[in-house]
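Quick notes on the structure that follows.
The values are calculated or read from the model by the stated rules, or taken from the named source; none is laboratory data. None of the values given here were measured: they were computed from a predicted structure. Here the Cβ positions follow ideal geometry from the backbone for every residue, glycine too, while neighbour counts run over all protein chains shown.
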Amino acid sequence: MKKLLNVYYFLIFLHFYGAGYASDASDYLYNVHVKNIVLDHRFDLHKVEFDLSLSESTVENYPTEELDLELLHQKIVAFVENYEDKAAYWEILNRNLILHILEEFPTLSKITSHLKIFATPTKPHDRSTIVCYDKTTEMTEHFSFELEISPIHSLSISFDYIKNIPQDSYPNFFDIKGDLVQLFEYYDSKENSLRFLHESLETLLKKYVYVSSFKIKLKHLLLKEQEREDHCGWSLIVKRDKELSLTKGYDGIGITFNEF
């Protein structure tokens, strides 16, 4: 009987050991940085850069296919330099770049592309768009920009898009910027300025139905000397309580407020 039990335990051990070995998988991580490209896009010449992180699924600790990073770099540069729709929003260019990479390198399981667009004399705002692809989930998209509203006040503004946003439904960055500039023209004059800001951002979420959240970080300059700069500020996040569904419409808003 004891001998039979030993055989039984040994078979259980082999089962779990074999199952664990068979499911042993990991990811190979890669990074590609494309710097100081000048693109004739969005009605102006812009200096941009791309930071991409990529992950390739592996089985039993071996890549399913070796990734040629030099070829990948060539494909990225060729795609953005020859992008046909010069009027497309930067978010669309960035999302289509990821889709193009997936067509060329189908073994990739995750891609994050961070596109930075630097300010120009006619558009004095640094902007960035981040698109994240994961084959197990849906694509997520994020946009941010910097805005100076006075000599002592500056804003960092970011927002997330709903998942699967239609390509023709991206809001115009300058519309959102204009709304925020107008909002902060009244901000200091309000008796309860934070409540005013809460309510105003709720209104913006209702207006821009394909945006799932806004985050605003205000920096207030207290003192600036040659080797010293003191500041204070706060950050505010306003988001929908539930993910917006294109069939259900607006579901509600929640607010988070932090000081720093």
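Miscellaneous remarks
- Count of residues meeting criterion [modelled with pLDDT under 95 and within 14 Å of the chain's Cα centre (by Cα)] in region 85-112: 1
- Qualifying residue in region 215-226 (condition: of a type in the set (D, E) and modelled with pLDDT of 80 or more): yes
- The residue that is surrounded by the fewest Cβ atoms within 10 Å (Cβ to Cβ), among those in region 188-218 that are touching a strand residue (DSSP E or B) at 6+ places or on another chain (Cβ under 9 Å) and among the β-branched types (V, I, T), is V209.
- For region 47-63, the criterion of being of a type outside the set (V, I, T), assigned to a loop (DSSP other than H, G, I, E, B) and more than 26 Å from Y161 (Cβ to Cβ) is met by at least one residue.
- The residues listed here are Y133, Y170, Y208; of these, the one that is farther than 30 Å from S57 by Cβ and under 15 Å from the mean Cα position of the chain (by Cα) is Y170.
- Residues of region 167-179 satisfying the condition of being assigned to a helix (DSSP H, G or I) and farther than 15 Å from K206 by Cβ: Q167, D168, S169, F173, F174, K177, G178
For (1) closer than 30 Å to K215 by Cβ; (2) among the β-branched types (V, I, T), each residue gets a yes or a no:
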{"site": "L71", "(1), (2)": "no, no"}
{"site": "A87", "(1), (2)": "yes, no"}
{"site": "E148", "(1), (2)": "yes, no"}
{"site": "I152", "(1), (2)": "yes, yes"}
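- A single entry from S156, S128, S150 fulfils the requirement of being within 23 Å of I237 (Cβ to Cβ), among the small types (G, A, S) and at pLDDT 95 or above: S128.
Quick grid of which residues meet (1) outside the structural domain of S55 (by TED's automatic domain parsing); (2) touching a Ser or Thr at 6+ places or on another chain (Cβ under 6 Å); (3) of a type outside the set (S, T, N, Q):
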residue	(1), (2), (3)
N94	no, yes, no
L99	no, no, yes
E104	no, no, yes
T112	no, yes, no
T122	no, no, no
K163	yes, no, yes
F184	yes, no, yes
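- Which listed residue is surrounded by 15 or more Cβ atoms within 10 Å (Cβ to Cβ), among the basic types (K, R), part of a strand (DSSP E or B) and out of contact with any Leu (no Cβ under 8 Å at 6 or more places or on another chain), from K123, K116, K110: K116
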